[in-house]
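This report concerns only the one structure given below.
What follows is calculated from the coordinates using simple rules that are stated; it is not laboratory data. The shown structure was predicted, so the numbers you read here are calculated from the model rather than taken from an experiment.
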Amino acid sequence: MAKKPSQRLVYSTDGGRLCPQCHRPVADCVCGKDRPAVTGDGIVRLQRETKGRGGKAVTVVTGVPLAGKELKALAKLLKQKCGVGGALKGENIEIQGDQRNAIKAELEKRGFTVKIAGG
């Protein structure tokens, strides 16, 4: 069966998922360093969560277009500005308490587009 020129291979049982740019297995991808760490719409979202925390609220910051040390430094700065603790979990920053307004002001001052998500 001949392939159509517009179709490209997305998955192979030999190597698993393939990179859309270089068409190599993701583990052997050579173009991954050129891509941004986080792909999204460029909007940082703040939401208040209490789920799984015994009723205590945390502010979750998602969609920050930073990676690695820069994201860790931003999390540390936000914790200091709010005077509370927090954690960096994956690509999300968790700050103790409902600190959405203070975090929004700080992130906007640093040039990010910020939206308060949820209730």
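Here are a few things to note about the model shown:
- Average projection area in nm² (convex hull over Cα atoms of region 43-116, one quarter of hull surface): 4.4
- Spatially proximal aspartates and glutamates relative to K81 (Cα-Cα < 18 Å; intrachain offsets below 8 disregarded): E70, E94, D98, E106, E108
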